[in-house]
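The structure under discussion appears below in the form of structure tokens.
Readers should treat all values here as calculations from the given coordinates under stated rules, not as data from a laboratory. Source: prediction; values computed, not measured. Note that we place each Cβ from the backbone using ideal geometry, even for glycine, and neighbour counts take in every protein chain shown.
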Amino acid sequence: MREVAVTDGDKVAAQIRFGWSVNSFGVGELAQRVARVNTSDVGALIDTYRQLYTLDAALLADATQLDRLRVQARLEIAIRAFLEEGNYRGFTTNFEDLYGLDQLPGLAAQRLMADGYGFAGEGDWKTAALVRAMKLMADGLPGGTSFMEDYTYHLEGGRSMVLGSHMLEICPSIAKGRPRVEIHPLGIGGKDDPARLVFNAAAGDAINASLVEFGDRFRLVVNEVNTIDAPHAMPKLPVAQAVWVPYPDFTTGLEGWLWAGGAHHTGYSTQIDSEHLQIYADLLGIEFVRIGKGTSLEQVRAQLTLQDLLARRY
């Protein structure tokens, strides 16, 4: 996304440290593939949607809405083919770069993520790669792993919590129950209304992880959280969502996150825990900050000071 430095970074440094190859292509290459998608393949994929998700009868009976759903099917088929041809394991989207496309990928991105691809919105390739790594660590474990964002905060004494979501693209692997396919306006991007899977995340302990870059080094920040059932319906937020309370408590969790430089995009998982990512960071030789059960703000700040001193020395 333009003018958002946290979603960009040094691709050469990332390849040296992580082994990631980050390639960019003009969106027109994808638009050409979308135009070549076979109509029969789109119909078959729509049938798959009907089997796996809840589709409102009114949507299927509305020609305009059904056409918009078909656009997401075309996007899914085209993006999947593009990734398979290039042997890529993750991707990003950007609502400011959709020339030649009818919609921002929503349902398409969610389903590809559910199949193990790394993903992040707004061109955030670091988080897309992190989500892919987390999905590899989580393979075969119960629960789910997704791209996430701390979308907004509920501030109420004794009941403060975080609402996690994104404009469209949360992985259905974390869903509680059967996701619904819905089509709603998207106020950014200037394109047609996209279809997306709408659901609440399953309750339970989870982690949020943010990979941040400081110019000369990388840091993996992890916050342990307790995901809870949504306290009430949110009909004005027609996207997938998770509601959680950070460990060790709301204030310490958020303040520690800010001190550590955690970003707004994260990898969220109910499958793996802090220990998995601690080992990952140790293997890669990057900084690691855990904010969770038993953590105090003083511990976080002392650890950050030590890491800063070590970085200056070496």
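Its Cα centre serving as origin, the stretch 5-313 has a Cβ charge dipole (Lys and Arg +1, Asp and Glu -1) of approximately 280 debye.
Oblate is the label for the stretch 37-77, because a/c, from the alpha-carbon gyration tensor with a ≥ b ≥ c as root eigenvalues, is 1.5 or above and a/b does not exceed b/c.
Annotation: the antiparallel percentage among DSSP beta bridges lying fully within the chain is about 75. If one takes the longest principal axis of the Cα atoms in the chain, at what angle in degrees, from 0 to 90 and to the nearest 10, does the Cα axis of helix 63-86 lie? Compared with the principal axis, the helix lies near 60 degrees. Using the Cβ-Cβ distance between residue 258 and residue 115 with R0 = 41 Å, the FRET efficiency computed as 1/(1 + (r/R0)^6) comes to roughly 0.75. On full extension of the chain, what length is gained from residue 237 through residue 66, given 0.36 nm per residue of separation minus the C-alpha to C-alpha distance? Fully extending the segment from residue 237 to residue 66 adds 59.4 nm. Computed per residue of the chain from DSSP H runs no shorter than four, each worth -39500 (n - 2.57), the mean residue ellipticity at 222 nm is -12000 deg cm²/dmol. Distance between the pseudo-spin-label points of residue 279 and residue 136 (7 Å out from Cα toward the beta carbon): 1.4 nm. Take 300-309, 105-114, 253-262 and order them by the average number of nearby Cβ atoms within 10 Å per residue, most first; the result is 105-114, 253-262, 300-309.
Here the simple spin-label model places points 7 Å from the Cα toward Cβ, and for residue 301 and residue 176 these points are separated by 3.6 nm. For a modelled paramagnetic label at residue 3, 7 Å from Cα along Cα-to-Cβ, the residues of the stretch 180-203 in reach, with backbone nitrogen under 18 Å, are 188-190.
For the residue pairs 176/236; 11/176; 11/191; 191/236; 176/293; 135/176, the alpha carbons lie more than 28 Å apart in 11/176; 11/191. Equivalent ellipsoid of the chain: semi-axes from √(5λ) of the C-alpha gyration tensor, largest first, are 34, 23, 16 Å. Computed on the chain, with alpha-carbon pairs under 8 angstrom and 6+ residues apart, the relative contact order is 17 percent.
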